[in-house]
């Protein structure tokens, strides 16, 4: 989306012309090394393929759609694309479309003018303005209200929009990257995403593999997390042999986020040697779950919605009702999980009261 300069309404946005340079030159601070690129690590074939796609698209203006399970590092990939792009000297702005109430998301996206609604005591620039001459990440894009997707499509196609309560059209020059942990085609079928928005965003899709498919990367990442903690704490802690086995045996359903959190908790608990197994057991995992995983039985011939409901209920029971953890493992947003649980409650009430 390269639509020239902004007009006078875009307060606080740099108006100097962005210098066009090669991606490599503009992102010289982002190092390509044997363990990955910049802060994104990985030596596995799956990650090497992902790095290849990142390097191919970074120097272009193409819209990128990043997919992958919760916790795989989609936002880090978006940041890496920005760092390797000619726009790296501009801002990198991210917004989580699923964490903002429907009544506020328009103002967050497009900004608002003073007095446009109760409480608007000053004008406010939205993310489309703040990301001017840089990159905008629309995270959890499938959670954006359908009516707002219509306005989003116009901005994606024209680079023009109005602030809430504004009368002056604003132009923006941004590169859009979107991310989701959902299947985009399923979101379209479920009427949670407009089909035209999907096609507009998925110009260049990149799938970030789950940790269980990244052979050899788990130990690399764990040792990197531990090294950072040692540096910050001025310590020299190490993993026990049992912890090294746990790294390879655990399924890591929460992906890189779960691994990082587990290492940090084990680091806090350890005097000198980290033990990961007790940390995972404390969170409801069996250290040997790779070989003895729990599961559910879905009879052949069950409807898809019945199978989904069984999986959601079983996952919640496994995590003792922790909805946020269940949502992470199920690969959906917390909002989506709540919507489904509310629907199940209504169905149960109707069944009981006829």
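Residue count for region 98-117, restricted to those that are in contact with a strand residue (DSSP E or B) (Cβ under 8 Å, 6 or more places away or on another chain) and outside any loop (DSSP other than H, G, I, E, B): 6.
Could you check region 118-149 and list, in sequence order, the residues that are touching a strand residue (DSSP E or B) at 6+ places or on another chain (Cβ under 8 Å), part of a loop (DSSP other than H, G, I, E, B) and within 30 Å of residue 337 (Cβ to Cβ)? Selection gives 126, 131, 140, 144. Would you mention how many residues in region 261-275 are surrounded by fewer than 19 Cβ atoms within 10 Å (Cβ to Cβ) and part of a helix (DSSP H, G or I)? Going through region 261-275 one residue at a time, the tally reaches 5.
So which residues in region 42-62 are assigned to a loop (DSSP other than H, G, I, E, B), surrounded by fewer than 20 Cβ atoms within 10 Å (Cβ to Cβ) and touching a helix residue (DSSP H, G or I) at 6+ places or on another chain (Cβ under 8 Å), if there are any at all? Answer for region 42-62, where residues must be assigned to a loop (DSSP other than H, G, I, E, B), surrounded by fewer than 20 Cβ atoms within 10 Å (Cβ to Cβ) and touching a helix residue (DSSP H, G or I) at 6+ places or on another chain (Cβ under 8 Å): 43, 44, 59. For residue 215, state whether it is surrounded by fewer than 19 Cβ atoms within 10 Å (Cβ to Cβ), on the phi < 0 side of the Ramachandran plot and in a helix (DSSP H, G or I). Against the criterion (surrounded by fewer than 19 Cβ atoms within 10 Å (Cβ to Cβ), on the phi < 0 side of the Ramachandran plot and in a helix (DSSP H, G or I)), residue 215 does not qualify. None of 256, 197, 188 is closer than 26 Å to residue 333 by Cα, in contact with a helix residue (DSSP H, G or I) (Cβ under 8 Å, 6 or more places away or on another chain), surrounded by 16 or more Cβ atoms within 10 Å (Cβ to Cβ) and outside the structural domain of residue 66 (by TED's automatic domain parsing) except 256. The residue that is farthest from residue 92 (Cα to Cα), among those in region 150-160 that are out of contact with any strand residue (DSSP E or B) (no Cβ under 6 Å at 6 or more places or on another chain) and crowded, with 18+ Cβ neighbours inside 10 Å, is 152.
The values are calculated or read from the model by the stated rules, or taken from the named source; none is laboratory data. Predicted model, so just to flag it, every value in this text is computed and none were measured. With ideal geometry, Cβ positions are generated from the backbone for all residues, glycine too; neighbour counts draw on all protein chains shown.
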